[in-house]
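Asks: Next up is a structure, given as structure tokens.
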Protein chains: 2
Amino acid sequence: METPHQHVAILIIGNEVLSGRTREANAWLAAQNLFDVGCKLGEVAIVADDQSMIVQTLQRLRKQYDAVITSGGIGPTHDDITMLAVADCFDVPLLEHEDTIALMLAYYGQDALSEGRRRMARLPHGAVPIICEHSIAPGAHIGHVYVLAGVPHIFASQLAAVLVDFKGKQVFIRQEIEVALAESTFAAALGKIQERYPSMDIGSYPARCGNEPCGKICVSGVDEAVIIQVLDEIKQMLKDVKKS
Amino acid sequence: METPHQHVAILIIGNEVLSGRTREANAWLAAQNLFDVGCKLGEVAIVADDQSMIVQTLQRLRKQYDAVITSGGIGPTHDDITMLAVADCFDVPLLEHEDTIALMLAYYGQDALSEGRRRMARLPHGAVPIICEHSIAPGAHIGHVYVLAGVPHIFASQLAAVLVDFKGKQVFIRQEIEVALAESTFAAALGKIQERYPSMDIGSYPARCGNEPCGKICVSGVDEAVIIQVLDEIKQMLKDVKKS
């Protein structure tokens, strides 16, 4: 298995996100972290706590990307079926992980090692546990799949523990400027600048600011000097548009 | 085409989401709206401003769901390619929509009808424009695909304009209770309640509250009387767990 991974997908698992109960936060955090280490996040998929959907989506993403990070469905309750689905994907059994059981025994004691807690010690056979400070129940790393928790602070802590496996060739840098013009007035000129700098990702993001047009133009790439040059050209272009 | 749609997917398009620049908000809003009208949101996909990815993902989602709502990529700039991708999916040309051009002419006047603005009047041939109060540039409705803006207040307004096409057989109701116990202590008992009420969706969502365990148990379904009964059983179960 080659690490670091460069082209990544995220799979969010949870009825609570699809029903609108919970605003998803983990994909957003991971997206920021991956950007900062120069990884390309190619896709995010959000699916329900439904084993066939998880398996089907994970199989698709595994084929298309270097690595997949999943979030959610690894707790002790009936709807926590991600580990089972991942075991299914890799065609391995889901087994109690001995070292994890030993850690739990030391932490909780024999009497408090409930069925629910034992359930959280079950990992796909061959997976490496992902340990973090916020939970004794581990995530799991198997193949190019990283199975993390859905609870945000545990997800963040587990992600930090595996982020070393993710790294692009160069880190991305992003800079943006405010724009007080309607997007349509500068769109064509901005497109011409983008054409001249195909390695840069230039985006325009209008916002809502009362009756006046406003928004931001964002330039990202790996070469800071070029980003600054592109931003200078954009600023000049915006001045020219304003004058005309 | 049969409406109302009951089983829906959302496709979010935008580099700014995948790079972590922007926290996605539109899928969350749509998820809440769809839940409230009894529609099942089956999947959310987030992809980049990349035509082949948009086409490939939209084709997949169109096959699997009654309807697809897209968000993003319909502005005037070079990276706004959603309408082109949708036209490609339906194998129709992307054409200036005459009524939309007429509306823009009336609104901006001939002199201010820039290339960027004309670009936003191009719809896949056969699409019906989705008009809202916040933007003269329309979304588009073609087949079972609803193409909406990415800017949140425009997305919300366009979604409101088409929500009449989405309706489940019965609306969903959700109720939840606070729990001050570790999830693993009641997980098995909660699973047994879920087994007895297969039509209910019972979820447990731990949170972070200092050193004490805390979280919520959430029950949703279409029959309020059953929801109340299930919640009563859960409350009793939690009392029994606490005593034991």
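The values are calculated or read from the model by the stated rules, or taken from the named source; none is laboratory data. Computed from a prediction, not measured in an experiment: that's the story for all the values here. All Cβ positions, even for glycine, are placed from backbone atoms using ideal geometry, and neighbour counts span all protein chains on display. For accessibility, only protein heavy atoms count, side chains too; no ligands or nucleic acids. Shrake-Rupley method; radii C 1.70, N 1.55, O 1.52, S 1.80 Å.
Asks: Residues of A:11-20, mean number of Cβ from any other protein chain within 10 Å of their own Cβ, rounded to a whole number? Show your work: numbers first, answer last.
Replies: On the way: counts 0, 2, 0, 2, 6, 9, 5, 12, 13, 13.
Average neighbour count from other chains, rounded to a whole number: 6.
Asks: In addition: Just to compare against my own numbers: the Cα pair-distance distribution for the range A:173-243, 10 Å bins, whole % per bin, please.
Replies: Over the range A:173-243, the share of Cα pairs per 10 Å bin runs 20, 56, 21, 2 percent.
Asks: Further question on the same structure: For chain B, find the longest principal axis of its Cα atoms and tell me its angle to the long axis of helix B:224-243, 0 to 90°, nearest 10.
Replies: 50 degrees
Asks: Against the longest alpha carbon principal axis of chain B, how many degrees, from 0 to 90 and to the nearest 10, is the axis of helix B:51-64 turned?
Replies: Rounded to the nearest ten degrees, it is 50.
Asks: Starting from the Cα coordinates of the range A:1-101, work out the convex hull volume and express it per residue in Å³.
Replies: So the per-residue Cα hull volume is 126 Å³.
Asks: At q = 0.06, 0.10, 0.11 Å⁻¹, what is the log10 ratio I(q)/I(0) for the protein assembly as shown, with the Debye formula run over Cα points and no solvent?
Replies: So the normalised log intensities are -0.30, -0.81, -0.95.
Asks: Something else now. In Å², and per residue, what accessible area does chain B have when probed at 1.4 Å with the other protein chains present? It would help to have the intermediate numbers written out before the result.
Replies: On the way: 10910 Å² over 244 residues.
The answer is 45 Å² per residue.
Asks: Percentage of Cα-Cα pair distances in the range B:87-129 greater than 17 Å, rounded to whole percent? Provide the component values of the computation, followed by the final result.
Replies: Numbers: 271 of 903 pairs.
In whole percent, the long-distance tail amounts to 30.
Asks: Here is a follow-up. For chain A, with all protein chains present and a 1.4 Å probe, just round the carbon and sulfur fraction of the accessible area to a whole percent.
Replies: Numbers: 5600 of 10890 Å².
Exposed carbon and sulfur together represent 51 percent of the surface.
Asks: With r as the distance between the Cβ atoms of B:Arg208 and A:Ile228 and R0 = 41 Å, compute the FRET efficiency 1/(1 + (r/R0)^6) and round to 0.05. Don't jump to the answer; show the numbers that get you there.
Replies: Numbers: r = 41 Å, r/R0 = 0.99.
Rounded to the nearest 0.05, the efficiency is 0.50.
Asks: Per DSSP H run of n ≥ 4, the term is -39500 (n - 2.57); total these for chain B, divide by its residue number, and report the mean residue ellipticity at 222 nm rounded to 500 deg cm²/dmol.
Replies: On the way: 9 runs with 99 residues, N = 244.
Calculated mean residue ellipticity at 222 nm is -12500 deg cm²/dmol.
Asks: How much of A:Arg174 can a 1.4 Å solvent probe reach, expressed as accessible area in Å² and rounded to 10?
Replies: 80 Å²
Asks: Averaged across orientations, what area in nm² does the convex hull of the alpha carbons in chain A project?
Replies: Answer in nm², one decimal: 16.1.
Asks: Could you compute how much accessible surface B:Ser199 exposes when probed at 1.4 Å, giving the result in Å² to the nearest 10?
Replies: Answer for B:Ser199: close to 90 Å² accessible.
Asks: Peptide B:193-203: average number of partner chain Cβ atoms within 10 Å per residue? Could you put the intermediate results ahead of the total?
Replies: Details: counts 1, 3, 1, 0, 0, 0, 0, 0, 6, 4, 11.
Taking all residues of B:193-203 together, the mean is 2.
Asks: With the cut-off at 21 Å, tell me which of the pairs A:Lys167/A:Lys192; A:Lys40/A:Lys169; B:Lys40/B:Lys63; B:Lys192/B:Lys243 have Cα atoms farther apart than that. Could the numbers behind the result be given before it?
Replies: On the way: A:Lys167/A:Lys192 31 Å; A:Lys40/A:Lys169 10 Å; B:Lys40/B:Lys63 16 Å; B:Lys192/B:Lys243 19 Å.
Cα-Cα > 21 Å for A:Lys167/A:Lys192; rest within.
Asks: Once both axes come from the Cα atoms, what is the angle between helix B:26-36 and the longest principal axis of chain B, in degrees from 0 to 90, rounded to 10?
Replies: 60 degrees
Asks: Cβ neighbours within 10 Å, averaged per peptide: list A:3-16, B:223-236, B:28-41, B:124-137 in order, most packed at the top. Provide the component values of the computation, followed by the final result.
Replies: Details: A:3-16: 22.1, B:223-236: 14.8, B:28-41: 20.6, B:124-137: 18.2.
Ranking the peptides A:3-16, B:223-236, B:28-41, B:124-137 by packing returns A:3-16, B:28-41, B:124-137, B:223-236.
Asks: Per residue of B:149-155, count partner chain C-beta atoms within 10 Å of its C-beta, then hand back the mean as an integer.
Replies: Working: counts 1, 2, 6, 2, 2, 2, 0.
Mean shielding count: 2.
Asks: Summed for both chains, how many Å² of accessible area, to the nearest 100, are buried between B and A with a 1.4 Å probe? Let's see the in-between values first.
Replies: Working: alone 13320 and 13310 Å², together 21800 Å².
Approximately 4800 Å² gets buried when B meets A.
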